[in-house]
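For reference, the structure discussed in these notes is given below.
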Amino acid sequence: MATVTELLLYPIKSCAGLSVPEATLALDGLSANGVHDREWMVVTREGLFLTQREYPRMATIAPRVEGEDLVVEAPGMAPIRLPLAHDLDAPAIEVLIWDDHVLAADCGDDVSVWFSDAVGAPCRLVRFRPDVVRPKISPWTGGLPAAARFSDGYPILLIGQSSLDDLNAKLTNAGRAALPMNRFRPNMVVDGIDAFEEDFVAEFSAGEIKLRPVKPCARCPIPSVDQATGIPGPDPLDILQTYRANARMDGAVTLGMNVIVEDGIGRILRVGQELNAELAF
């Protein structure tokens with residue numbers, strides 16, 4: 001059995017996460033406390049999304065739910081409040097996330113000024129519209145329906161704790177510091193399975209909940225960014241490259257699995273919940 005040890009949402013793509021005790025499953029990922037994973041996104045004035053890859057200080061932009069607002073803080077700045085209620089009259093703006101053109105809701109000029117100061121570059125904040133669906137059906141999903149909001153490609157990223165422990169053992173053996181799980185920005189952390197066993201799980205299930213790992217997660221340089229300070233440091237990809245180059249991903253370094261919700265939409269997933277891990281062989 002696998003046990004859920006942490007559930008995390010990232011209300012604003014590439015900004016700080018929220019650890020929650022429970023979350024509701026949706027076709028396009030996790031939600032809790034009135035916010036959805038990757039519901040907001042920082043974009044250039046032309047609508048191209050920004051991430052910690054280019055602007056690592058985004059890690060220090062921290063959202064939290066307070067009453068009817070998402071309160072967002074950044075070092076040295078007064079907080080800004082974003083209403084959780086959708087503004088159905090918000091101007092529409094087309095944004096580009098990888099190959100997907102998505103019609104989003106612009107959050108306004110005052111919010112744009114705040115985020116431009118926080119990020120250190122001219123930008124705007126947009127929100128995923130409630131009338132928009134971003135389908136993510138591909139050969140990886142086996143034709144099963146899936147969707148995402150502003151996540152890179154799939155609704156949930158799952159990592160086994162033992163997989164990070166394995167990496168950290170190799171890092172410390174090389175004289176380097178161990179890394180916290182937040183460097184890899186998962187939505188779900190599970191314990192009770194072997195290192196990288198999530199790569200071979202056909203389905204995680206509990207009652208009516210069925211979660212299907214579908215695609216290994218190719219890693220980018222973001223794990224080098226200290227999520228508390230926004231300062232890049234040594235990149236673990238050099239160590240991962242020695243044993244985690246994945247032939248299924250054309251040699252890309254992978255850690256963690258992208259997961260879709262096969263069944264259980266509307267059900268609650270909780271920290272401490274046990275999941276049956278059915279292997280694919």
Output ³J(HN,Hα) for segment 222-232: one whole-Hz value per residue in order, computed from phi by the Karplus curve 6.51 cos²θ - 1.76 cosθ + 1.60 with θ = phi - 60°, and x for Gly and Pro. 4, x, 7, 8, 5, 6, 8, 10, x, 9, x
Stretch ALA252-THR5 to full length: gain in nm at 0.36 nm per residue minus the Cα-Cα span? 86.2 nm
Within the under-9-Å Cβ sphere about ALA277, not counting ALA277, Lys/Arg +1 and Asp/Glu -1 give a net charge of -4
Under 5 Å from the placed amide H of ILE260, counting only residues 5+ away or on other chains, we find ARG212, VAL214
Determine the relative contact order of segment 35-128: mean sequence separation of Cα pairs under 8 Å and six or more apart, normalised by residue count, in whole percent. 31 percent
Gain on full stretching of the segment that runs from GLU274 to HIS101 - 0.36 nm per residue minus C-alpha separation: 58.5 nm
Label-zone membership for segment 13-45, site ASP87, 7 angstrom Cα→C-beta point, backbone N under 15 Å: 40-41
What part of the accessible area of segment 1-120, given as a whole %, is carbon or sulfur when the probe is 1.4 angstrom? 52 percent
Mean 1/r over distinct Cα pairs of the chain, inverted to a Kirkwood Rh in Å, yields 19.3 Å
Scalar couplings 3J(HN,Hα) for segment 134-139 by Karplus 6.51 cos²θ - 1.76 cosθ + 1.60 (θ = phi - 60°), nearest whole Hz, x for Gly and Pro, are 10, x, 10, 8, 8, x
I'd like to compare 232-241, 210-219, 160-169: which one has the highest average count of other Cβ atoms within 10 Å, and what's the full order after that? 210-219, 160-169, 232-241
For ALA146, the residues 5 or more places away or on another chain with a placed amide H closer than 5 Å to its own amide H are LYS136, ILE137
Counting sequence-distant residues (5 or more places) and residues on other chains, those with an amide H built under 5 Å from that of ASP226 are ILE231, GLY233
What order, most packed first, do the peptides 44-51, 85-92, 187-194 have when packing is the mean number of other Cβ atoms within 10 Å of each residue? 187-194, 44-51, 85-92
As a check on your grasp of the helix formula, calculate [θ] at 222 nm for the chain: sum -39500 (n - 2.57) over DSSP H runs of n ≥ 4, divide by the residue count, round to the nearest 500. -3000 deg cm²/dmol
Need the full-extension length gain, ILE265 to LEU144, defined as separation in residues times 0.36 nm minus the C-alpha distance. One decimal, nm. 42.2 nm
With a probe of 1.4 Å, find how much accessible area the chain has per residue, and write the answer as a whole number in Å². 43 Å²
Kirkwood Rh, Cα Rg: Rg to Rh for segment 1-122? 0.96
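The values are calculated or read from the model by the stated rules, or taken from the named source; none is laboratory data. Note that the structure is predicted; figures quoted are calculated from it, not measured. Because the Cβ atoms are built from the backbone with ideal geometry, glycine has one as well, and the counts that use them run over all protein chains shown. The area values use the complete protein model at the heavy-atom level, side chains included, leaving out ligands, DNA and RNA. Shrake-Rupley method; radii C 1.70, N 1.55, O 1.52, S 1.80 Å.
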